[in-house]
Amino acid sequence: MLVIYNGLIITEEEILKDHAVVVDGEYIQSIIPARDVHKYPHAELINANGGYISPGFIDIHSDFIETIVSPRPTSLMDVDISLREAEKILITNGITTMYHSLSFYREDVFTHKPMRYPKNVQKLVDAIAATQNGPHLIRHRLHARFEIDNIDEIGRLMNNIESGKVHLLSFMDHTPGQGQYRNLEVYRETLLGYRDLSDNEVNAIIEERQNSQLMTIEKMQEVAHLAASKGIAVASHDDDHVKKLELVKSFGASISEFPITLEVAKKAKEMGLYTIVGAPNVLLGGSHSGNLSAIEAISHNCADILCSDYYPSALLHAIFTLHEKYGNDLHKMFMMTTLNPAKAVKIDEELGSISPGKKADLLIIEKMDSGYPMLTATIVNGALTTTTQYRTNPFEVKVI
């Protein structure tokens with residue numbers, strides 16, 4: 001049994017003072033008044049040192065694993081080793097549940113990394129599924145991001161859904177001229193970031209992509225309904241028009257990832273869709289591709305969830321940046337990385353908040369004198385998994 005005391009507890013309703021969290025086995029047993037800690041004489045006591053006691057972060061959109069598996073354009077590391085090494089990094093950033101966002105592209109310019117070749121994507125899909133039956137530091141889940149012109153891989157996607165290997169499904173359309181790439185110059189710059197191309201080659205790629213065969217609406221509905229039958233949430237990606245929201249809502253989507261404009265984000269919120277924005281967007285002060293600012297979306301109350309997207313450290317720092325620099329309510333910012341994503345992917349009965357009966361995935365976050373937030377302890381499934389001790393005294397330098 002663990003008792004975590006002397007901290008500010010991030011509950012579902014508030015930031016609670018003068019209380020402690022009792023963990024029994026894998027589960028949160030209760031939240032007790034601080035004065036009652038002495039009633040647990042045989043428990044292991046963990047002093048939060050006045051820091052925040054938070055639920056573990058639930059990250060439902062991040063392709064960080066691609067960088068670990070394929071750290072160079074021509075390198076492909078072992079997928080099992082990569083998962084184990086990635087989780088060491090993720091857990092030290094407070095991410096206790098990760099929905100690895102794997103891109104199911106057809107082989108073209110966007111498969112510039114070997115990790116995005118279909119056969120290699122499937123290796124990682126299988127490796128993520130295998131973690132469910134073995135020791136692991138965090139909860140690994142699969143977010144299948146399916147590009148709608150990848151029609152040859154629809155059967156493989158459906159097989160993965162049927163076999164229980166998919167935990168979140170999103171439909172993507174990176175056709176130049178709409179969505180994330182509605183500005184063709186942004187698309188050109190993206191291509192040039194992947195390859196050394198001439199203007200004629202870029203123009204040829206744009207024309208080919210704009211004329212690609214896409215999934216029919218009927219096929220998208222079929223796949224979405226299959227996912228729904230398995231209890232899997234469905235998301236739409238880079239929504240750039242209200243009509244697109246209406247379409248994706250019609251076949252069961254409940255999440256809008258990275259709405260392109262404030263108008264679309266507001267409409268998604270009105271329609272009851274969970275809206276996702278990127279934590280790196282917060283730290284950068286805006287979108288790297290010139291789309292909706294996460295800070296603006298949050299200020300207009302039309303963003304529900306923060307994801308790390310590609311930079312795991314961003315979640316923790318975005319919470320405090322949004323509070324301290326932009327005046328947002330700190331409790332609400334914590335909910336954007338914990339309870340809200342848990343609700344969006346339908347795991348909130350088990351995870352996402354500090355409530356009796358839920359799994360004990362917990363973080364202790366202390367603030368350095370400079371105000372820098374530091375994660376000093378992580379508990380997963382009731383087990384103290386990592387601790388971090390910051391050095392307080394400078395090294396002595398001896399001059400000889």
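In table form, for the structure just shown:
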{"quantity": "Check on Leu76, over 23 Å from Lys343 (Cβ atoms) and in contact with a helix residue (DSSP H, G or I) (Cβ under 7 Å, 6 or more places away or on another chain)", "calculated": "yes"}
{"quantity": "Top-ranked residue of region 297-315 - restricted to ones that are in contact with an Asp or Glu (Cβ under 7 Å, 6 or more places away or on another chain) and outside any loop (DSSP other than H, G, I, E, B), ranked as surrounded by the fewest Cβ atoms within 10 Å (Cβ to Cβ)", "calculated": "Leu315"}
{"quantity": "Only one of Ile232, Ile217, Ile295, Ile255 that is β-branched (Val, Ile, Thr), at pLDDT below 95 and on the phi < 0 side of the Ramachandran plot", "calculated": "Ile217"}
{"quantity": "Boolean, Gly352 is in a loop (DSSP other than H, G, I, E, B), farther than 20 Å from Ile4 by Cα and not charged (D, E, K, R)", "calculated": "no"}
{"quantity": "Residue that is of a type outside the set (Ser, Thr, Tyr) and either touching an Asp or Glu at 6+ places or on another chain (Cβ under 6 Å) or open to solvent by less than 30 Å² (accessible area, probe 1.4 Å) (or both), where the choices are Gly290, Gly285, Gly278, Gly272", "calculated": "Gly278"}
{"quantity": "Test for Leu247: is it at pLDDT below 90, part of a helix (DSSP H, G or I) and at negative phi", "calculated": "yes"}
{"quantity": "Region 324-349 - residue that is open to solvent by 50 Å² or more (accessible area, probe 1.4 Å) and assigned to a helix (DSSP H, G or I) and, of those, nearest to Lys230 (Cα to Cα)", "calculated": "Lys343"}
{"quantity": "Ala318 being more than 20 Å from Leu168 (Cα to Cα) and either modelled with pLDDT under 95 or crowded, with 22+ Cβ neighbours inside 10 Å (or both)", "calculated": "yes"}
{"quantity": "Every pair of residues 6+ apart whose Cβ atoms lie under 9 Å, when the first sits in region 233-253 and is hydroxyl-bearing (Ser, Thr, Tyr) while the second is open to solvent by 50 Å² or more (accessible area, probe 1.4 Å)", "calculated": "Ser236/Leu247; Ser236/Lys249; Ser250/Ile217; Ser250/Gln221"}
{"quantity": "Pairs with Cβ under 8 Å, 6+ apart, first in region 279-296 and in contact (Cβ under 8 Å) with a residue 40 or more places away in the chain, second among the aromatic types (Phe, Trp, Tyr) and open to solvent by less than 60 Å² (accessible area, probe 1.4 Å)", "calculated": "Ser289/Tyr181; Asn291/Phe258"}
{"quantity": "Enumeration of residues in region 53-84 that are farther than 29 Å from Leu384 by Cβ and touching a residue at least 60 places away in the same chain (Cβ under 8 Å)", "calculated": "Asp63"}
{"quantity": "Candidates Leu76, Leu90, Leu102 - the one that is more than 15 Å from the chain's Cα centre (by Cα) and surrounded by 15 or more Cβ atoms within 10 Å (Cβ to Cβ)", "calculated": "Leu76"}
{"quantity": "Hits in region 85-106 - residues which are part of a helix (DSSP H, G or I) and touching a residue at least 24 places away in the same chain (Cβ under 8 Å)", "calculated": "Glu87, Lys88, Ile89, Leu90, Ile91"}
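The values are calculated or read from the model by the stated rules, or taken from the named source; none is laboratory data. Quick caveat: nothing in here was measured; it's all calculated off a predicted structure. Backbone-built Cβ (ideal geometry, glycine too); neighbour counts: all protein chains shown. Surface accessibility is based on the protein's heavy atoms, side chains included, excluding ligands, DNA and RNA. Shrake-Rupley method; radii C 1.70, N 1.55, O 1.52, S 1.80 Å.
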